[in-house]
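Read the structure below first, then the notes.
The values are calculated or read from the model by the stated rules, or taken from the named source; none is laboratory data. All values derive from a computational prediction rather than experimental measurement. Glycine also receives a Cβ, built like all others from the backbone with ideal geometry; neighbour counts cover every protein chain displayed.
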Amino acid sequence: MIGSSDNGFFSKDVIVCYDSINFRVELENINGCKSVSNIAGNWFKDVDYPEQTVFDSVSINDNSEAVFGWQPSVSGDVVGYILYDYYGSGFSFDTIWGLNNTFYVDLRYDACNESHKYAIAAIDSCGNKSEGSFLKPIQPIFLYDIGFNVCAQQDTLVWEKYLNSEPLLEHYLVWRNQNASGFIVVDTVDAVPAANPPPGIQSDQMWYIDQGIDPGSDYEYFVQAIFGNNSSSSCKKTVDSYSYKIPQHIYFANADVLPTNEIELLVDVDTSVFSCTWELHRYNPVDANDDTFSTTEKSSLNGFPLNIIDDDVEPKNTFYEYYALVYDSCGIQRLGSSNTLKTIHLSGNKPDEPTNRIEWNAFEGWETTIEKYYIYRLSGNESSFVLIDSVNGQTLTFDDIIDPEQASDGKFSYFVEAKQTIGGTFNYQSLSRSNIFDLFFDSEIFFPNAFRPGGINYEFKPLFTYFSGSDYLLQIYNRWGQLIFETTVPDEGWDGTADGKSLSSGLFVYRLSYKNIHGLEIEKKGTVLLVK
């Protein structure tokens, strides 16, 4: 007996998956007699599918495992849940039994290195499955390895979006743990990606750049999606920030004018760095031009200190100023500019005939003072420069009282050399030379008034104590003004002939022209007696 009715009908819920059920009706009168109906029945089947369940979230735990949580089905006959994996072609990979068993840990793979999508369906006691969440599979946040930019000192986080949250995704929280001090929220990222993503970011990816990273610190990050009262967290990823070695010093040690009119430069640099660039600058006061004339990479450094020859200079005309810049391996200028060195430009004059006066600008830029200037001289009677004197570091002129017989050609060449006082941070004692400067005596000229071919004075030519001029021209004319001899060679004289024939005795006119050492035009005229 399953019930009674005072009417001509009866209704009952049938709880059966698929089976036949038969019924009959009994009627009992007041005398206790029973009337029994015929038996009638049919096959019954449960055709009510369970209500679809909803994922609360899918997160990644500290063991790199995907952790699921979902709401219990509102269908009371649900006995379990089927989990589906959309990684690859998609398949069901497990069934969780029990209406209120709504938690699962996926142990099949490393969720920090693979990104999977999941769907869920409820199953009732008759094996009926809900339609499932296949149209809206859940994808947890997949956080890629953190990118550290050593030059910008920043960490870049890139992650795949959390998909199909219910309710809709509101935003992401970026959590950071520096040197195991504990996680803190460092920023909030909108659910909608910002415009102008960094290079390489795809449309289904999010990103965040953490600025101001401390070199040498250990950082750990994870990203949390927020939607309503629910959230989903990514795997934790770590990154070790580091710093490249930054150049610690740059010192311009010397600028030395060579006899070849090139300038040799020495720069003390930090060679312990892995990579950097040294940039040398030159200032020319003549045209007020500041040039970058040399760039040297650490990889091409072949000696210490850095040695550069500057051949695009004219040190006879002016001094030059030099300084250096250093750029680290990220192209960032470090340390400002180096000290600036000013080369020595030497010049001079002759205030009187026996005096050669030289003067120069002070050498500048060493970290210590100038101990003294050495004075060197070269004359025609000497094979090399000779140290003739020295002056203190504040004196910038020198008078050399000379004897014309000291130089066979009337030329005196000078240079000065600055000597650095030893000490300072870099402990150099450099020597820096000036350009070579020449001073001359004007030639003294003597003309014979007669000569005899074949005699002691067998040819006619002017006699110089030394000839230091240029554009030499000696011409001889006869009494009728005809040119009968000329030469541009100072040592070549007239032998008293014309057109290969000896001439008779008589007076002849000579004319000598040349430019002296100061560039002045000199002309001498007179007569000479040819004696036979």
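Numbers at a glance
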item: For ALA195: the one exception among (1) farther than 28 Å from ASN63 by Cα; (2) in a strand (DSSP E or B); (3) free of Cβ contacts under 8 Å to residues at least 60 places away in the same chain; result: (2)
item: Any hit, the range 307-330, residues being aliphatic (A, V, I, L, M), surrounded by 13 or more Cβ atoms within 10 Å (Cβ to Cβ) and at positive phi; result: no
item: Residue among SER20, SER64, SER59 that alone is out of contact with any helix residue (DSSP H, G or I) (no Cβ under 8 Å at 6 or more places or on another chain), exposed (fewer than 11 other Cβ atoms within 10 Å of the Cβ) and among the small types (Gly, Ala, Ser); result: SER20
item: All positions within the range 232-250 that are surrounded by 18 or more Cβ atoms within 10 Å (Cβ to Cβ) and assigned to a strand (DSSP E or B); result: SER232, SER233, LYS237, VAL239, ILE250
item: Segments classed as strands (runs of 3 or more DSSP E), wholly inside the range 78-180, with at least 3 members that are under 17 Å from GLN205 (Cβ atoms) and not small (Gly, Ala, Ser); result: 154-160, 171-178
item: Qualifying positions in the range 34-50 - surrounded by fewer than 15 Cβ atoms within 10 Å (Cβ to Cβ), among the charged types (D, E, K, R) and either in contact with a Cys (Cβ under 6 Å, 6 or more places away or on another chain) or outside any strand (DSSP E or B) (or both); result: ASP48
item: Selection count where residues are among the hydrophobic types (A, V, I, L, M, F, W, C), touching a residue at least 60 places away in the same chain (Cβ under 8 Å) and part of a strand (DSSP E or B), scope the range 354-370; result: 2
item: Condition met for TYR283 (touching a residue at least 12 places away in the same chain (Cβ under 8 Å), aromatic (Phe, Trp, Tyr), crowded, with 19+ Cβ neighbours inside 10 Å and within 13 Å of THR340 (Cβ to Cβ)); result: no
item: Residue list for the range 398-421, restricted to those being assigned to a strand (DSSP E or B), of a type outside the set (Gly, Ala, Ser) and surrounded by 12 or more Cβ atoms within 10 Å (Cβ to Cβ); result: PHE398, ASP399, ASP400, LYS411, PHE412, TYR414, PHE415, VAL416, GLU417, LYS419, GLN420
item: All strands (runs of 3 or more DSSP E) inside the range 422-514 with 3 or more residues being among the hydroxyl-bearing types (Ser, Thr, Tyr); result: 470-477
item: Candidates CYS17, CYS33 - the one that is of a type in the set (A, V, I, L, M, F, W, C) and more than 30 Å from LYS129 (Cβ to Cβ); result: CYS33
item: Search result, residues across the range 85-119 that are out of contact with any Phe, Trp or Tyr (no Cβ under 6 Å at 6 or more places or on another chain), closer than 18 Å to PHE142 by Cα and not hydrophobic (A, V, I, L, M, F, W, C); result: TYR86, TYR87, GLY88, ASP106, ARG108, TYR109, ASP110, ASN113, GLU114, TYR118
item: Some residue of the range 29-41 being within 60 Å of the chain's Cα centre (by Cα) and charged (D, E, K, R); result: no
item: The one condition in (1) in contact with a Phe, Trp or Tyr (Cβ under 6 Å, 6 or more places away or on another chain); (2) part of a strand (DSSP E or B); (3) hydrophobic (A, V, I, L, M, F, W, C) that ILE344 fails to fulfil; result: (2)
item: Pairs, first under 9 Å from TYR251 (Cα atoms) and modelled with pLDDT of 95 or more in the range 261-272, second of a type in the set (Phe, Trp, Tyr) and surrounded by fewer than 18 Cβ atoms within 10 Å (Cβ to Cβ), C-beta under 7 Å, six or more apart; result: ASP268/PHE426
item: Condition check for SER57: under 23 Å from ILE226 (Cα atoms) and assigned to a strand (DSSP E or B); result: yes
item: Selection count, the range 335-389, where residues are crowded, with 19+ Cβ neighbours inside 10 Å, under 24 Å from GLN420 (Cβ atoms) and among the polar types (S, T, N, Q); result: 2
item: Per-region count, the range 441-460, residues within 23 Å of GLY380 (Cα to Cα) and either crowded, with 19+ Cβ neighbours inside 10 Å or modelled with pLDDT of 90 or more (or both); result: 2
item: Residue among SER241, SER231 that alone is touching a residue at least 24 places away in the same chain (Cβ under 8 Å) and within 17 Å of ILE60 (Cα to Cα); result: SER231
item: Residue that is nearest to ASN63 (Cα to Cα) [pool: residues in the range 78-119 that are touching a Leu at 6+ places or on another chain (Cβ under 9 Å) and in contact (Cβ under 8 Å) with a residue 60 or more places away in the chain]; result: CYS112
